[in-house]
Amino acid sequence: MSENLYFQPHILSQAVSELCQAAGSPEEEAALVSGRLLKADLTGHPSHGIIRIPSYMTMIGINWIKPGAIPEVVYNNGPTALMNGHRSYGQVGAEKAMGLAIQKALEYGIAGVGINNLAHIGRLADYANTASLAGCLSLIFTSCGGVIPMVAPFEGLARRMATNPI
């Protein structure tokens, strides 16, 4: 019978941060990723928590995640924008995209910001909470990156998305 092991959150966060840094992440990026993964565990969403580290390390090994990649805005027109994540950790790209969306929403009253070319973004509530704390309402959609398209959009002819993009 296996015994459950428990670790103090700050120790787990530090270990994950150090692992990310050893894989090439700058310190700030490693802290963001480890913080978001740990928060997922602590809020009852372990499927988006520390358990993701082995898959993240695999994705780094096959160049699906590029530690230190800097997302950039490739289209910017008033309240809308599109960003390229340059294969960043999803938490990094999604955080920058939400920051831009908040900035635009506060300026224009509404905003639509998309980001592509990034990895798993983690627990969506983190980004909704960020928007809420800034006084904004948000709708967050994801293609469930890397998942084979399984369903066609309403009246569509071809499969384009996963079963739950929201």
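The values are calculated or read from the model by the stated rules, or taken from the named source; none is laboratory data. The shown structure was predicted, so the numbers you read here are calculated from the model rather than taken from an experiment. Glycine also receives a Cβ, built like all others from the backbone with ideal geometry; neighbour counts cover every protein chain displayed.
Key figures for this structure:
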quantity: Residue within the stretch 90-103 that is modelled with pLDDT of 95 or more, closer than 18 Å to TYR127 by Cβ, crowded, with 18+ Cβ neighbours inside 10 Å and over 17 Å from the mean Cα position of the chain (by Cα) present; calculated: no
quantity: Conditions (1) on the phi < 0 side of the Ramachandran plot; (2) assigned to a strand (DSSP E or B): number failed by LEU106; calculated: (2)
quantity: Residues that are on the phi < 0 side of the Ramachandran plot, loosely packed, with under 14 Cβ neighbours inside 10 Å and without any contact (Cβ under 8 Å) to a residue 60 or more places away in the chain, drawn from the stretch 43-69; calculated: PRO46, SER47, ILE51, PRO54, THR58, GLY61, ILE62
quantity: Some residue of the stretch 134-153 being farther than 15 Å from HIS48 by Cβ, modelled with pLDDT of 90 or more and not in a loop (DSSP other than H, G, I, E, B); calculated: no
quantity: Filtered residue count, the stretch 70-101, keeping only those that are out of contact with any Asp or Glu (no Cβ under 7 Å at 6 or more places or on another chain) and either of a type in the set (D, E, K, R) or in contact (Cβ under 8 Å) with a residue 60 or more places away in the chain (or both); calculated: 4
quantity: Residue ID - farthest from GLN91 (Cα to Cα), chosen from residues in the stretch 1-56 that are polar (S, T, N, Q) and in a loop (DSSP other than H, G, I, E, B); calculated: SER2
